[in-house]
Amino acid sequence: MIIRLRFVFVLVALLLALPTVRAADDGADSSPDPTDALGRAKQRGLLTACADPFEFPHAQESGDPPGFDVELMRAIAKRGGMRLSMVWVNTASRGGTSRAFRQSILARKCDIFLGLSDNGDDDMLMNRLVFTKPYLGTGYVLVTQGKAAGRTGLDQFKEGDLRVGVSMSTPMDDYLFTNKIPRELYLGSKRMMDALSKGDIDAAMVFSTQLGMVAVDYPKASFRMVNGYQPLEGLRYNAGWVVRKEEKPLLRFLNEGIDELLSNGTVKAIVERYGVPFYPPFNS
């Protein structure tokens, strides 16, 4: 009986020692997991962001370059001593952005969602998300070629036989109709861009970030954005990212990074490499 008891005591002692040995071998951190997203990210050395894999030039899952949002977030992560990890979420599937949010950032699969514009639609955020500071101004810009080359504003299309291409049922379409500017309607921006590339139209109002697709999809295109064109009031927006409302330290960290990258010219340099015009964030 004494021998058996001694064996049991030795066995228990060995079992109690095992977790300590395994943790040391694995190099695991036994400190408590921080309660906020930024603390957890810094502990892991990994900042996790979600984006649509088909939202180029903001982001793309496979291909190089990876998208200007991804490049900017990498720079911000590096600023905090971290690397960036991406989670890909299709926002074009049934349920749209709201469903994508519920299945990703609200499910805590990532802490930041990239590739968004703040159009003032708070319903999209479901009272659970909040935008960072904007890092880029976006909006509809005028592109011309051929007979329209040299025209610098929409008023110059009120007279003559030229029409301005526009994607139907968009704010830009409504503006052209209201201001009696002759227009050529297209079902979606892709068809409008195809018409431009074929020379079927000589002018169009294109969302500024779509110009990042020109070098990729239309390498022989002759149309160009009117030099120095400024998106009209009411037809311009700000690009930003969203985080969960309660993640105040993370929001602060991102906003500080945005301020720094705007002030040192990093945002401008990265965005313009994609063929997208850089506009500082708009005040209105």
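The values are calculated or read from the model by the stated rules, or taken from the named source; none is laboratory data. Here the structure is a predicted model, which is why all the values come from computation and not from measurement. Cβ coordinates were reconstructed from backbone atoms using ideal geometry, including for glycine residues, and neighbour counts include every protein chain displayed. The area values use the complete protein model at the heavy-atom level, side chains included, leaving out ligands, DNA and RNA. Shrake-Rupley method; radii C 1.70, N 1.55, O 1.52, S 1.80 Å.
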Distribution output for the range 109-266: share of Cα-Cα pairs per 10 Å bin in percent, first bin at 0, values 10, 33, 28, 20, 8, 1
Leaving ligands, DNA and RNA out of it, rank Trp88, Trp241 by accessible area with a 1.4 Å probe, largest first. Trp88, Trp241
Over the chain, what is the relative contact order in percent, taking alpha-carbon pairs closer than 8 angstrom and at least six residues apart? 23 percent
Any chance you could count the Lys pairs in the range 140-237 whose alpha carbons are under 23 Å apart, treating pairs 8 or more apart or on different chains as valid? 9
Spread of Cα-to-Cα distances over 5 Å intervals beginning at zero, given as percent, for the range 203-284: 3, 11, 20, 21, 18, 13, 8, 4, 2, 0
Leaving out ligands, DNA and RNA, what percent of the accessible area of the chain is carbon and sulfur, probe 1.4 Å? 52 percent
Within the range 60-102, find all residues whose amide N lies under 18 Å from a label point positioned 7 Å from the Cα of Asn264 along Cα-to-beta-carbon. 69-84
Cα-based reach from Lys78 at 29 Å (exclusive), listing lysines while leaving out same-chain residues under 8 positions away: Lys42, Lys109, Lys133, Lys245, Lys248, Lys268
In the chain, helical segments from DSSP H whose Cα atoms cover 20 Å or more along their own axis and that average at least 0.5 on the Kyte-Doolittle scale are 2-26
I'd like the accessible area for Arg224: 1.4 Å probe, protein heavy atoms, all chains in place, Å² to the nearest 10. 140 Å²
By the scheme Lys and Arg +1, Asp and Glu -1, what is the net charge of all other residues having a beta-carbon under 10 Å from that of Ala92? -1
If you rank Ser93, Ser169 by how much accessible surface each has, with a 1.4 Å probe, what is the order from largest down? Ser169, Ser93
Comparing Asn238, Asn179, Asn255, which has the greatest mean-square fluctuation in the GNM of the chain with Cα pairs linked when under 10 Å apart? Asn179
Which value, in Å² rounded to 10, gives the accessible area of Glu272 with a 1.4 Å probe and all protein chains present? 80 Å²
How much net charge surrounds Gly212 when only other residues with a Cβ under 12 Å from its Cβ are counted (Lys, Arg +1; Asp, Glu -1)? -3
Relative contact order, percent, of the range 27-172 when contacts are C-alpha pairs under 8 Å separated by at least 6 residues? 20 percent
Rg and Dmax of the chain, Cα atoms, in Å? 25.6, 109
Exposure rank, largest accessible area first [Ser208, Ser197; 1.4 Å]: Ser197, Ser208
Using 0.36 nm per residue, how much length does the chain from Arg252 to Lys180 gain when fully extended, once their Cα-Cα distance is taken away? 21.4 nm
